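I am attaching a structure below and will ask some questions about it afterwards.
The values are calculated or read from the model by the stated rules, or taken from the named source; none is laboratory data. Bear in mind the structure is a predicted one, so any value in this text is a computation, not a measurement. All Cβ positions, glycine included, derive from the backbone under ideal geometry; neighbour counts span all protein chains shown. Areas reflect the complete protein model, heavy atoms only, side chains present, ligands, DNA and RNA absent. Shrake-Rupley method; radii C 1.70, N 1.55, O 1.52, S 1.80 Å.
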Amino acid sequence: MPTPQKAQIIAETSARFQDAKSVYFTKYTGMNVLQATSLRKEFRENDIQYVVTKNTLTKIAAKEAGLEGKFDDFLEGQIAIAYSKNDPTLPARVIKGFVKDNKECLDVVGVFFEGTIFDPSKYVELANLPSREELIAKFASCLNQPMTTLASTLNGAMTKLAGTLDSLKNTKA
């Protein structure tokens, strides 16, 4: 029978698994306090939960969330987990930025992305994807481009017509 504290941790972790669009399992061996503080701050600023939980409690929480045995390969050694409720690719970009400055103290060991488990190489692909805002901006630009072309074409035709009418008026006068 787990203690009340452990039962609470299990319940919270289970809820995180159910609410998250993406879960990134990271091995943080060799990370110092300054680096850990910096990484946690970066995650907090991006509305990502980054939690260290005992592996056995995480396995129990995964079982309660209906994900029994799915993460057993990832949960060995010092593991911290990043949970994202909003943008599933955002943790990958945060981790990529952190690893750029702090080599060899953080490794992604697995990714649970919108219901599918991926190996660590998938995190690199996800980190290189543009953000949701960038994609929306590109989409809006694509929608706007035909209208801009039409407006400039019509403007050019009207300018030519006005120029022709003006020169015709000057020759008649």
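Considering only residues that are free of Cβ contacts under 8 Å to residues at least 12 places away in the same chain and assigned to a loop (DSSP other than H, G, I, E, B), which ones fall in segment 82-137?
K103, G115, D119, P130
Looking at segment 54-62, is at least one residue over 12 Å from R16 (Cα atoms), of a type outside the set (G, A, S) and not in a helix (DSSP H, G or I)?
Within segment 54-62 (the criterion being over 12 Å from R16 (Cα atoms), of a type outside the set (G, A, S) and not in a helix (DSSP H, G or I)), the answer is yes, since at least one residue qualifies.
Can you report the number of residues in segment 73-120 which are under 16 Å from the mean Cα position of the chain (by Cα) and open to solvent by less than 70 Å² (accessible area, probe 1.4 Å)?
Result for segment 73-120: 26.
Do you know which residues across segment 47-62 are hydrophobic (A, V, I, L, M, F, W, C) and either open to solvent by 80 Å² or more (accessible area, probe 1.4 Å) or under 23 Å from the mean Cα position of the chain (by Cα) (or both)?
I48, V51, V52, A62, listed by residue number.
May I ask you to verify whether K6 is at pLDDT 90 or above, more than 29 Å from P130 (Cα to Cα) and out of contact with any strand residue (DSSP E or B) (no Cβ under 6 Å at 6 or more places or on another chain)?
No.
Of the residues that make up segment 18-25, is at least one at pLDDT below 90, within 15 Å of D107 (Cβ to Cβ) and not in a helix (DSSP H, G or I)?
Within segment 18-25, none of the residues are at pLDDT below 90, within 15 Å of D107 (Cβ to Cβ) and not in a helix (DSSP H, G or I).
Oh, and also: Taking the condition of being modelled with pLDDT under 75 and over 22 Å from N46 (Cβ atoms), how many residues in segment 115-140 meet it?
Residues flagged as modelled with pLDDT under 75 and over 22 Å from N46 (Cβ atoms) within segment 115-140 amount to 1.
Let me ask something else about it. Just checking, which of A82, A162, A137 is among the small types (G, A, S) and within 27 Å of E12 (Cα to Cα)?
None of the others qualify; the one that does is A82.
Continuing with the same structure: Would you confirm whether any residue within segment 65-72 is among the acidic types (D, E), in a helix (DSSP H, G or I) and farther than 19 Å from D107 by Cβ?
Looking through segment 65-72, none of the residues is among the acidic types (D, E), in a helix (DSSP H, G or I) and farther than 19 Å from D107 by Cβ.
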